[in-house]
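Colleague: Before anything else, here's the structure in question.
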Number of protein chains: 2
Amino acid sequence: MFTQAEENYLKAIYALENESSESISTNNIALKMETKASSVTDMLKKLAAKKLVEYKPYKGVHLTFEGEKVALKVIRKHRLWEYFLVKKLKFSWDSVHEIAEQLEHIQSDDLVNSLDAFLGFPKKDPHGDPIPDKDGIVVSNTSINMLGMKVGDVGVLNGVKDSTDAFLRYLDKKNLALGDRIKIIDIEPYDNSVYIETKTHHMSISKHVAKNLYLKNKK
Amino acid sequence: MFTQAEENYLKAIYALENESSESISTNNIALKMETKASSVTDMLKKLAAKKLVEYKPYKGVHLTFEGEKVALKVIRKHRLWEYFLVKKLKFSWDSVHEIAEQLEHIQSDDLVNSLDAFLGFPKKDPHGDPIPDKDGIVVSNTSINMLGMKVGDVGVLNGVKDSTDAFLRYLDKKNLALGDRIKIIDIEPYDNSVYIETKTHHMSISKHVAKNLYLKNKK
DNA sequence: ATATATTTTTAGACATATCTAAATTTAAAT
DNA sequence: ATTTAAATTTAGATATGTCTAAAAATATAT
Ligand SMILES: [Mn+2]
Ligand SMILES: [Mn+2]
Ligand SMILES: [Mn+2]
Ligand SMILES: [Mn+2]
């Protein structure tokens, strides 16, 4: 249906639209995709011709309903495969992204839906990101950022903003995993670092790290 | 490492080398790949430059050791994914080939080997074809063709020569499946059709169909 | 042995996707 | 309001993979 390149652009534009509500610029996309602005322009024209994006030269771009549908399908596949790799093939959560980048382009509705059923219709991928369902419906994340929490608050770690291998391995090293119950013991005003308590230990979390952690409030 | 196109050519050449011991011609490949001879020539030059095939213009081509290694890796992936689709995702054996054609190009040794372990190191794919192991070692098929059997012989159906959807669906319709014990009751001299007995019924098999069935001799 | 047919290769074109460098448009600064 | 800077687009090139049509090589027939 669509080429891998087209799918990757749609996915990137979708991500950009969801992380900032401003109009998406050629440079935004080039940066995210590690490519050149001129390449982006070429592709935007192609996607616009296929009615997947609305594109006004010099004025930025946004997904059409159709484009968003395609992006969500790719994201669904990406996250289902990541779940498969971690839960069935015992991959670590920091090693699945690259492989899912390939698997997300396999074209077969039957395959995706059978895989979904085989996995038991999971709601979230190994990084806490929601998995769009068959119809492209994705639950909006109600989690809150650790930076927004107050001393005494309790939550369950259920998502990460940064999904790079480096950050995920840092969490592994610190023995922090999705599902962990975390209590905010203290917030250091000097550097905004957060001192937390888990079931097994205490630790200090830098502001930079706290910014990349999402928790579900426990009351 | 290699492009999908390169891998598909190597796989096709491997298959041709195994179904006839003659030198593989440009036209042979074009026919098998449903492409044009000129396209094949272009690709053969590319593969020869990469030392994956030995190619003498006008004189045909054959795989180098390196080229065979790549082909076997692709075939290993193809058959493991087919096994996965049938055994885990409950696909029918006539519907997996097309999807496996895509999945066989996913690049990750970790993935293939983990999948292999997850599946319990299967020896044969859903069509009875042997699955090359981690090191590219593939057991040669000791099965015999139904056409070579005599009246009174007994065997277990364990492979098909023709793996097209049409043939596989024909076998389903006739209630013939891999693993079935089959006894040769009679061979009709007029049209070489074979009258067989299975655990549950009797039936007549045309010469054309018999040619596409492999059995493991039971004594 | 020469003519004819078949196979294979080459030449040139096209589609996709990417890049560099130059031109253009828009935004920011003086 | 010009000038300068930044962002974006265009022009032209390259790489991959495919095709059609023409040329060249090989095989077959008379
Ligand atoms: Mn990912
Ligand atoms: Mn993920
Ligand atoms: Mn197959
Ligand atoms: Mn098969």
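The values are calculated or read from the model by the stated rules, or taken from the named source; none is laboratory data. What you see is a predicted model; the values in this text were computed from it and never measured. Here the Cβ positions follow ideal geometry from the backbone for every residue, glycine too, while neighbour counts run over all protein chains shown.
Colleague: Can you find a residue that is away from DNA strand D (no atom under 16 Å from the Cβ), among the β-branched types (Val, Ile, Thr), under 13 Å from the mean Cα position of the chain (by Cα) and not assigned by TED's automatic domain parsing to the domain that holds A:Thr164 anywhere in segment A:108-115?
Modeller: No, every residue in segment A:108-115 fails to be away from DNA strand D (no atom under 16 Å from the Cβ), among the β-branched types (Val, Ile, Thr), under 13 Å from the mean Cα position of the chain (by Cα) and not assigned by TED's automatic domain parsing to the domain that holds A:Thr164.
Colleague: Is at least one residue of segment A:179-191 surrounded by fewer than 16 Cβ atoms within 10 Å (Cβ to Cβ) and either within 20 Å of the chain's Cα centre (by Cα) or touching a residue at least 40 places away in the same chain (Cβ under 8 Å) (or both)?
Modeller: yes
Colleague: If you don't mind, another one. Output the number of residues of segment B:1-50 satisfying the condition of being more than 16 Å from ligand 3 (Cβ to nearest atom) and assigned to a loop (DSSP other than H, G, I, E, B).
Modeller: Summing the residues that are more than 16 Å from ligand 3 (Cβ to nearest atom) and assigned to a loop (DSSP other than H, G, I, E, B) in segment B:1-50 gives 11.
Colleague: If you don't mind, there's one more thing I want to ask. Look at segment A:194-219 and say how many of its residues are touching a helix residue (DSSP H, G or I) at 6+ places or on another chain (Cβ under 6 Å) and farther than 14 Å from A:Leu176 by Cβ.
Modeller: 1
Colleague: What are the residues in segment A:196-211 that are within 18 Å of A:Val156 (Cβ to Cβ) and touching a Ser or Thr at 6+ places or on another chain (Cβ under 7 Å), if any?
Modeller: If the condition is that a residue be within 18 Å of A:Val156 (Cβ to Cβ) and touching a Ser or Thr at 6+ places or on another chain (Cβ under 7 Å), then A:Ile205 is the only one that fits.
Colleague: OK, next. Among residues belonging to segment B:133-146 that are surrounded by 14 or more Cβ atoms within 10 Å (Cβ to Cβ) and hydrophobic (A, V, I, L, M, F, W, C), point out the one that is farthest from the chain's Cα centre (by Cα).
Modeller: If we take residues in segment B:133-146 being surrounded by 14 or more Cβ atoms within 10 Å (Cβ to Cβ) and hydrophobic (A, V, I, L, M, F, W, C), then B:Met146 is farthest from the chain's Cα centre (by Cα).
Colleague: Going by the structure shown, is A:Leu111 touching a Phe, Trp or Tyr at 6+ places or on another chain (Cβ under 7 Å) and within 29 Å of A:Glu6 (Cα to Cα)?
Modeller: no
Colleague: Same structure, new question: Looking only at residues in segment A:150-205 that are within 16 Å of ligand 1 (Cβ to nearest atom), over 15 Å from A:Asp129 (Cα atoms) and not hydrophobic (A, V, I, L, M, F, W, C), which one is farthest from the other protein chains (Cβ to nearest Cβ)?
Modeller: A:Arg169
Colleague: Assess whether A:Val53 counts as being more than 14 Å from every other protein chain (Cβ to nearest Cβ) and in contact (Cβ under 8 Å) with a residue 24 or more places away in the chain.
Modeller: yes
Colleague: Taking the condition of being polar (S, T, N, Q) and away from ligand 3 (no atom under 13 Å from the Cβ), how many residues in segment B:93-110 meet it?
Modeller: Summing the residues that are polar (S, T, N, Q) and away from ligand 3 (no atom under 13 Å from the Cβ) in segment B:93-110 gives 2.
Colleague: What pairs can you find where one residue is in segment A:95-108 and within 17 Å of A:Ile131 (Cα to Cα) and at the interface with chain B (Cβ under 10 Å from one of its Cβ atoms), the other is at pLDDT below 95 and within 12 Å of ligand 2 (Cβ to nearest atom), and their Cβ atoms are less than 8 Å apart, with a gap of 6+ or different chains?
Modeller: none
Colleague: Against the definition (more than 16 Å from ligand 1 (Cβ to nearest atom), in the same structural domain as B:Thr41 (by TED's automatic domain parsing) and touching a residue at least 12 places away in the same chain (Cβ under 8 Å)), how does B:Lys59 come out, yes or no?
Modeller: Spelling it out, B:Lys59 is indeed more than 16 Å from ligand 1 (Cβ to nearest atom), in the same structural domain as B:Thr41 (by TED's automatic domain parsing) and touching a residue at least 12 places away in the same chain (Cβ under 8 Å).
Colleague: Could I ask something else about it? Which one is surrounded by the fewest Cβ atoms within 10 Å (Cβ to Cβ) among residues in segment A:32-51 that are among the hydrophobic types (A, V, I, L, M, F, W, C) and out of contact with any Ser or Thr (no Cβ under 6 Å at 6 or more places or on another chain)?
Modeller: A:Ala49
Colleague: Taking the residues in segment A:1-13 that are among the charged types (D, E, K, R) and over 21 Å from A:Lys161 (Cα atoms) as candidates, determine which candidate is surrounded by the fewest Cβ atoms within 10 Å (Cβ to Cβ).
Modeller: A:Glu6
Colleague: Now a separate question. Residue by residue through segment A:14-31, note down the ones that are within 16 Å of ligand 1 (Cβ to nearest atom) and surrounded by fewer than 18 Cβ atoms within 10 Å (Cβ to Cβ).
Modeller: Answer for segment A:14-31, where residues must be within 16 Å of ligand 1 (Cβ to nearest atom) and surrounded by fewer than 18 Cβ atoms within 10 Å (Cβ to Cβ): A:Ala15, A:Asn18, A:Glu19.
Colleague: Of everything in segment B:54-69 that's within 23 Å of the chain's Cα centre (by Cα) and not in a loop (DSSP other than H, G, I, E, B), which residue is farthest from B:Gly136 (Cα to Cα)?
Modeller: Only one residue tops the list, namely B:Val61.
Colleague: Residue by residue through segment A:175-210, note down the ones that are at pLDDT 95 or above and of a type in the set (Lys, Arg).
Modeller: Passing the criteria: A:Arg181, A:Lys183, A:Lys207.
Colleague: I've got another one for you. Quick one: how many residues across segment B:109-121 are surrounded by fewer than 17 Cβ atoms within 10 Å (Cβ to Cβ) and more than 7 Å from chain A (Cβ to nearest Cβ)?
Modeller: The qualifying residues number 7.
Colleague: Return yes or no: is B:Tyr58 surrounded by fewer than 20 Cβ atoms within 10 Å (Cβ to Cβ) and among the aromatic types (Phe, Trp, Tyr)?
Modeller: Yes; evaluated as a whole, the condition is true for this residue.
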